[in-house]
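One structure is given below, encoded as structure tokens.
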Amino acid sequence: MATRSADNTEGTPAQWRALGFLALTELFGMTLWFSASAVVPTLEQEWELSSGGVGWLTSSVQIGFVVGTFVAAFLNLPDVLSSRRLLASSALLGAVSNAAFAIFAVGLWAGIPLRFTTGVFLAGVYPPGMKLAATWSMRYRGVAVGLLVGALTIGSASPHLVRSLTDFPWRQVVLLSSALSVAGGAIVLAFVRDGPFSSAPAPFDPRMVFRLLAERGTRLANLGYLGHMWELYAMWTWVPVFLVGALEGQGSTASLAGTIAFSVIAVGGLGSVVGGVLADRWGRTAITSAAMVVSGASALSAAMLFDASLWLLVSVLFVWGFTVVADSAQFSAAITELSPPQYVGTSLTMQTAMGFLLTLFSIQLVPMVVDSVGWSLAFAMLALGPVVGVAAMLRLRALPESTRLAGGRR
């Protein structure tokens with residue numbers, strides 16, 4: 001009876017309504033991460049920050065997120081606790097920490113710990129949201145998770161638009177993100193319930209992380225995700241800087257560079273949804289491999305077009321922005337299909353922890369390579385990630401485990 005009820009949910013307005021509210025929750029909740037990016041130029045002047053100080057301030061939330069996701073994975077928090085309540089409480093606590101940054105921080109000594117704490121709480125927003133999305137669909141799981149990643153992508157792009165179009169006081173911008181995060185937590189409590197494909201709460205088992213990593217299918221899906229993440233966040237971080245340099249050489253303004261950067265990153269939101277539609281129809285390994293081939297080629301092409309016409313350069317960057325995230329949700333969807341149902345949240349959280357830990361290194365490497373030899377080799381270095389990712393997904397495609405992906409569509 002439960003299976004029939006679940007099957008009858010697929011493609012219904014109730015399913016898409018729940019997924020829409022979840023995407024809105026993620027968009028609102030994850031603004032806590034990106035609020036600092038929008039105000040860093042102001043803080044750089046007001047707090048007289050060095051480049052090292054700026055780096056620590058912007059990376060502290062990411063370090064906190066990595067710590068939070070590792071702790072949550074080993075404690076099985078998304079599977080032992082209610083995902084809805086974990087998401088809502090994390091969004092609220094993250095909003096409080098973020099608001100404290102706006103109200104009390106007057107320099108790095110207070111700013112970094114508060115941004116770190118905000119990152120820790122965000123570990124309870126993103127992975128549980130993906131788990132909730134997976135409980136609402138089996139047939140359209142790629143699209144379900146893709147909607148959430150698409151919302152995250154638009155949130156990632158928003159600071160560049162805010163920076164280029166507005167001049168709000170930085171404390172108001174940060175406080176607004178806290179208000180949105182509280183609203184996101186309220187939305188998930190009021191309008192979202194666990195979907196028909198949810199499992200009963202799992203018993204606490206700290207060894208489960210190691211068991212999941214030892215499984216051949218999940219190990220290869222995680223390796224593909226790591227190759228993807230090596231490229232993704234470094235691209236999101238440094239393409240705006242790349243654009244400023246390219247446009248200044250052509251006499252354009254930094255404001256135009258910010259607007260283009262927003263568009264290049266935000267188009268990935270559409271790419272994430274389209275990738276989900278195609279992966280549900282043609283297979284996870286096929287679409288992730290194709291997306292990484294195109295995104296890796298775009299990385300190589302973009303650097304060679306640094307001095308080319310603006311229209312040609314921007315066209316390549318749009319292709320890159322679309323494909324660099326089109327595969328992202330599909331690695332997570334694959335994990336939900338390859339992992340034991342009771343520990344999907346743990347597996348997703350561990351995958352996220354490893355991926356964001358890796359981004360700390362690729363983000364830092366890019367400016368070092370640019371200073372030494374220029375953008376060409378830096379973007380070529382990013383293309384190594386898709387090479388590894390494609391190899392992992394093609395290997396997974398050849399294994400029997402791949403028949404569990406997308407209803408047998410590998």
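The values are calculated or read from the model by the stated rules, or taken from the named source; none is laboratory data. These figures come from a predicted structure and were not determined experimentally. Neighbour counts run over all protein chains shown; Cβ positions are idealised from the backbone, glycine included. Remember, those area values only see protein heavy atoms, side chains included, never the ligands or the DNA or RNA. Shrake-Rupley method; radii C 1.70, N 1.55, O 1.52, S 1.80 Å.
Pick out the one residue from 221, 286 that is farther than 19 Å from residue 126 by Cα and either small (Gly, Ala, Ser) or out of contact with any strand residue (DSSP E or B) (no Cβ under 7 Å at 6 or more places or on another chain) (or both).
Only one candidate qualifies: 286.
Can you tell which of 295, 272, 263 is of a type in the set (Ser, Thr, Tyr), touching a Gly at 6+ places or on another chain (Cβ under 7 Å) and more than 18 Å from residue 409 (Cβ to Cβ)?
Going through 295, 272, 263 in turn, just one is of a type in the set (Ser, Thr, Tyr), touching a Gly at 6+ places or on another chain (Cβ under 7 Å) and more than 18 Å from residue 409 (Cβ to Cβ): 272.
Grab the helices (runs of 4 or more DSSP H) fully contained in segment 96-174, keeping just those with 3 or more residues being open to solvent by 10 Å² or more (accessible area, probe 1.4 Å).
108-122, 141-165
If you scan segment 371-392, which residues turn out to be surrounded by 17 or more Cβ atoms within 10 Å (Cβ to Cβ) and free of Cβ contacts under 8 Å to residues at least 60 places away in the same chain?
The one that is surrounded by 17 or more Cβ atoms within 10 Å (Cβ to Cβ) and free of Cβ contacts under 8 Å to residues at least 60 places away in the same chain: 381.
Please tell me if residue 381 is assigned to a helix (DSSP H, G or I), more than 27 Å from residue 199 (Cα to Cα), modelled with pLDDT under 95 and under 22 Å from the mean Cα position of the chain (by Cα).
yes
Looking at segment 195-241 only, could you name the residues that are farther than 30 Å from residue 260 by Cβ and among the hydroxyl-bearing types (Ser, Thr, Tyr)?
Within segment 195-241, 198, 199, 218 qualify.
Pick out, from segment 262-364, the helices (runs of 4 or more DSSP H) lying fully within it that include 1 or more residues that are of a type outside the set (Ser, Thr, Tyr) and over 30 Å from residue 198 (Cα atoms).
Qualifying helices (runs of 4 or more DSSP H): 284-304, 310-323.
Determine whether segment 248-261 contains at least one residue that is in a helix (DSSP H, G or I), in contact with a helix residue (DSSP H, G or I) (Cβ under 7 Å, 6 or more places away or on another chain) and under 29 Å from residue 353 (Cβ atoms).
yes
Among the candidates 410, 395, 404, which residue alone is at pLDDT 90 or above and among the basic types (Lys, Arg)?
395
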